[in-house]
Every structure is written in structure tokens, then in C-alpha cells.
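The values are calculated or read from the model by the stated rules, or taken from the named source; none is laboratory data. Everything numeric in this text was worked out from a predicted model, so none of it was measured. Reconstructed Cβ throughout: ideal geometry from the backbone, glycine too, with neighbour counts over all protein chains shown.
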Amino acid sequence: MAYEDRGTGSGDPVVLLHAFPLNGRMWEPQLEALSATRRIIAPDYPGFGRSPHAPAQPDVGYYAKSVGNLLDHLELEQVVLGGISMGGYVAFGCMRLFPERVAGLILANTRPDPDSEEQRQNRKEMARRVSEEGVEVLIELQMQRLLAKETLENNQSVVSLVREMILESTPDGVVAALGAMRERPDSTSLLPEINVPVLAIGGAEDALSSPEVMGEMAAKIPTSRHVVLPGAGHLSNLESPGEFNAALEEFLERI
């Protein structure tokens with residue numbers, strides 16, 4: 001996986017996993033704000049951003065293994081791991097594979113439960129359309145789901161950035177990720193076993209991982225703190241970067 005690697009500091013490095021169908025560039029507000037005191041690493045999944053080669057049909061565990069391989073490559077024994085949306089699914093996969101390497105966990109705009117049958121069918125249909133029409137169709141299908149109404153109407157810089165990142169994805173990468181998310185395991189039973197500090201953070205206007213869903217998830221993790229960002233949707237780190245960074249900095253100070 002290609003990756004951005006910035007900053008230094010005495011604390012454990014922070015690895016941030018991006019949402020679908022974007023790439024590691026979505027973490028730019030955090031890379032800029034936090035790299036003065038921490039090492040921050042933001043990879044691109046295979047088939048997204050600067051990682052052009054996607055496998056035929058991985059599962060979520062494949063992406064988690066790729067993160068583990070990156071940690072090996074960078075010779076990092078332990079990190080603070082963060083994931084937003086699909087990145088949260090991958091983070092749960094990492095907690096299954098190498099929990100001893102995770103010193104703290106950031107779960108942003110994500111959920112532990114698997115897809116419903118309706119969601120599974122929607123992902124199959126989306127994969128079909130991407131295969132036939134290209135990644136451009138995701139702008140039509142995803143923008144209203146990813147961003148809050150306020151962002152769509154009044155924050156064109158974020159809207160433009162999200163569009164750019166969508167178009168930087170490959171069709172094969174998108175189809176593979178859709179299949180992995182569609183078949184992902186239920187991580188609910190994993191939640192009570194997590195024993196590192198956890199920040200559960202999301203947007204008040206997120207229709208995909210609502211504050212209620214995030215709150216229920218956080219309540220099942222003994223070591224978690226739940227933060228809701230007013231006015232933000234599914235990409236809360238981009239829509240409310242100041243508030244997101246403040247919560248993240250406070251969290252990191254405790255690790």
C-alpha cells in the first residue's frame with residue numbers, strides 16, 4: 001500500500017484508515033494538525049489513490065493483513081489505530097489479527113454489525129454499475145450519503161475534494177472493496193474484548209452510522225468514550241476538522 005508518513009514524536013505512531021470510496025488524502029486535516037507532535041501514517045487501500053493494483057476479490061481480513069504488512073515494513077511494534085467507515089471495518093479486522101500491536105483505537109463513523117440483506121443487494125448493484133459505467137457513477141450514488149446537507153450546500157472545498165478522491169479510485173479496487181464490505185463478519189462480539197482506550201466519534205447528521213448506532217457500539221466497549229460532532233455527516237473528520245482534531249488530540253494525550 002502507498003502511504004503518507006509525516007511527523008515525529010515520543011508517543012506511539014497513529015495509523016489512519018480511510019473511508020470508501022476515498023483514499024488516505026481524506027486525513028489531510030489530521031496529518032497537518034497532529035504531525036507536529038505525532039508520527040501520522042495514512043495508507044491507501046489497494047485499488048485506491050496511489051495504490052493502483054487491486055486484488056480480484058479480497059475480504060476485510062485481506063485489508064487488515066495489508067495493514068499488518070505495512071507495520072512490518074515500517075518496523076512499528078505498536079500503533080494507535082484509527083479507521084473511518086470502511087476503515088473501522090478494517091480496524092476490527094486488525095483487532096482480530098494483531099490486537100497486541102494496537103495501543104489505542106479510533107472508531108469514526110463506523111459500525112460493528114454486518115450488512116442487512118438489503119444493504120448486501122445494494123452493494124452488488126453498485127458494483128455492477130461501477131463495472132459497467134466506471135467510478136464516476138459513485139459521485140451520483142455516494143455524495144448525498146457521505147456528506148451532511150450543510151456540507152453539500154455550503155462547503156464546496158470539501159465537496160470538491162471528495163469528488164476528486166472518488167475519481168482517483170480504480171473500478172477493480174471499488175468492486176473488490178464493495179465485496180469485502182458486503183461479506184464482512186459481525187464484530188459485535190469483539191467489542192467487550194477490546195481493552196485499550198477507544199475513541200468512538202461521528203457526525204450528528206450521519207445517516208449511515210448514526211449517533212444512536214455509534215452510541216450503542218461505544219456502550220459495549222468498556223474503555224470507550226463517545227463524541228458526537230454537530231452538523232457533520234459520514235465524513236466527520238473533513239466536515240468538522242477542528243472539533244475532530246480537538247477530540248483526537250485529547251484522546252492521544254491519554255495514551
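Counting only residues that are among the hydrophobic types (A, V, I, L, M, F, W, C) and surrounded by fewer than 20 Cβ atoms within 10 Å (Cβ to Cβ), which one in region 195-213 is farthest from the chain's Cα centre (by Cα)? Write out each step before concluding.
If we filter region 195-213 for residues that are among the hydrophobic types (A, V, I, L, M, F, W, C), which is where we start, we get 196, 198-201, 204, 207-208, 213.
Filter again for surrounded by fewer than 20 Cβ atoms within 10 Å (Cβ to Cβ), leaving 196, 204, 207-208, 213.
Numbers: V196: 19, A204: 17, A207: 16, L208: 13, V213: 16 Å.
Per the criteria, the residue is V196.
Which of the strands (runs of 3 or more DSSP E) found entirely inside region 1-100 contain at least 3 residues meeting this: modelled with pLDDT of 95 or more and under 24 Å from M214 (Cα atoms)? Working first, answer last.
On the way: elements: 3-6, 14-17, 40-43, 79-84.
Output list reads 14-17, 79-84.
Show the residue pairs that are 6+ apart or on different chains and have beta-carbon atoms under 8 Å apart, the first residue being within region 70-97 and closer than 15 Å to G11 by Cβ, the second being acidic (D, E) and surrounded by fewer than 24 Cβ atoms within 10 Å (Cβ to Cβ).
Partner pairs satisfying both residue conditions: Q78/D12; Q78/E100; V79/D12; V80/D12.
For region 115-159, which helices (runs of 4 or more DSSP H) that fit wholly inside it have 1 or more residues that are in contact with a Pro (Cβ under 9 Å, 6 or more places away or on another chain) and not basic (K, R)? Working first, answer last.
Values: elements: 117-133, 137-146, 149-154.
Hits in region 115-159: 117-133, 137-146.
Would you confirm whether or not region 37-48 contains a residue that is of a type in the set (D, E, K, R), touching a helix residue (DSSP H, G or I) at 6+ places or on another chain (Cβ under 6 Å), touching a residue at least 12 places away in the same chain (Cβ under 8 Å) and surrounded by fewer than 21 Cβ atoms within 10 Å (Cβ to Cβ)? Working first, answer last.
Within region 37-48, the subset of a type in the set (D, E, K, R) is 38-39, 44.
Subset that is touching a helix residue (DSSP H, G or I) at 6+ places or on another chain (Cβ under 6 Å): 44.
Still in the running and touching a residue at least 12 places away in the same chain (Cβ under 8 Å): 44.
Checking which are surrounded by fewer than 21 Cβ atoms within 10 Å (Cβ to Cβ) leaves us with none.
No; the residues of region 37-48 include none that is of a type in the set (D, E, K, R), touching a helix residue (DSSP H, G or I) at 6+ places or on another chain (Cβ under 6 Å), touching a residue at least 12 places away in the same chain (Cβ under 8 Å) and surrounded by fewer than 21 Cβ atoms within 10 Å (Cβ to Cβ).
Can you name every residue in region 237-255 that is more than 16 Å from G24 (Cα to Cα), surrounded by 14 or more Cβ atoms within 10 Å (Cβ to Cβ), in contact (Cβ under 8 Å) with a residue 40 or more places away in the chain and among the charged types (D, E, K, R)?
Within region 237-255, just E249 meets the criteria.
Out of all the residues in region 1-51, which are farther than 16 Å from E168 by Cα, polar (S, T, N, Q) and under 18 Å from the mean Cα position of the chain (by Cα)?
Q30, the sole residue that qualifies.
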